Amino acid sequence: MKISQLYIYPIKSLRGVSVPQAILTDAGLENDRRFMLLKVKQDGNGNKRLQNMHVPHFTEMCLFLTDVIFPTENTNNGKILITYRPPDAKDDSDSQIKLLEVPMNPDVSGLEELCVTIHQSPTKGYNMGTKYNNWFSECFGYEVVLVYLGPHWRRVLGSFPPGKCQVHCQDMVPVISKSSMVILSLLSLLLNIFGVPMMQRDASMMALPNLAATITVIGLATVTNIYLSRGSRRKEEKITFADTAPYMLVSETSVEEVSSRLAGDEEMDLTKFRPNIVVTGAKAAYEEDFWAELLVGGGARLLMTANCIRCQSVNVDYATGKMGRGESGSVFKKLMKDRRVDKGAKFSPVFGRYGFLDQGCKDVPICVGDEVHVSRIVEERTTYDWPGLTN
């Protein structure tokens, strides 16, 4: 198999950017989902609160196209280019089309800090201010705030992290922690101190009990540490404004199978699945449900931990900014017939696989055309386990 397409989503739930290459980080592809939009809502008393915006609930978000200008070497001049194209725009010269540039890595000094919680995993972000908020608000027709993640990140919950996923946690190599080493040293010292009187009674018998006791302590400390530090080889997993994992992978073979369910010559738009990595060459549709580990390009390793449960976003018509009609609006229903295959989400169809970058692969570049090898599979599908999202 090979990578056929790579996508980043600079602003969550807006249209993505197809890129020829990308940098793997522990929080996802570089520059992926570091911005998001919040709708300003008011209650009857005039109090304002902020609501996360996701494309299945705000379908008009798909009318915003994004592109990127990556920074030149040793500079911070990267930009996100946003184009709002309403459905009745006739051509590129239509006055309804609006353009905006957002700095890829803005200066956050002086910006208001906001709390943002996505699927029960909280973080902080920065309100980008009037210039950007007014532009989006004018396009949407209601008040909107653009938020930048900055140096913050979100925790990965449930059994999604490799260190907690049943498939991978058994492979985590236990490491003796510094605290265990300190305790072990103190115990060994005490044994040697209290062992000294033995010399006065029988010097020939001193070495054996002390050695046995020391070995016993080492064994107990090590065994105890195995249970306490299982999975501690990995640091706490990080995600940006992505839903539940840093990487989303789909197979073209599976996308083609979805297209075969649509009448006429209509084809499934794979970008509606919002993948980061698209692979071609899989022998069977949905075989990725069982992928546990992938080797990508020059040696990057992805640990696959969960299948992606899908929502009505796959029915959105990107041309109209509304839920699709006819075949394009029936994809979710068609998948519901036989793709409810996850025991942790019995009433949601599965499509695509979530993954995490293995340790030691950080900042490795990958490119379209890179080979992809499945280095490990599982016999049974993993079970979706994220607090508050199972059904």
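The values are calculated or read from the model by the stated rules, or taken from the named source; none is laboratory data. Since the model is a prediction, treat every value here as computed from it, not as a measurement. Using ideal geometry, Cβ is built from the backbone for each residue, glycine included, and neighbour counts are taken over all protein chains shown.
Structure data summary
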quantity	calculated
Number of positions in the range 280-305 that are within 26 Å of Ser330 (Cβ to Cβ) and of a type in the set (A, V, I, L, M)	3
Test result for Asn47, over 26 Å from Glu138 (Cβ atoms) and surrounded by fewer than 18 Cβ atoms within 10 Å (Cβ to Cβ)	no
Every pair of residues 6+ apart whose Cβ atoms lie under 7 Å, when the first sits in the range 40-65 and is under 21 Å from Gly129 (Cβ atoms) and in the same structural domain as Cys139 (by TED's automatic domain parsing) while the second is part of a strand (DSSP E or B) and of a type in the set (Phe, Trp, Tyr)	Phe64/Tyr84
Matching option when the condition is at pLDDT 95 or above and surrounded by fewer than 16 Cβ atoms within 10 Å (Cβ to Cβ), among Gln21, Gln42, Gln5, Gln96	Gln21
Qualifying residue in the range 86-93 (condition: buried (at least 20 other Cβ atoms within 10 Å of the Cβ) and farther than 30 Å from Thr72 by Cα)	no
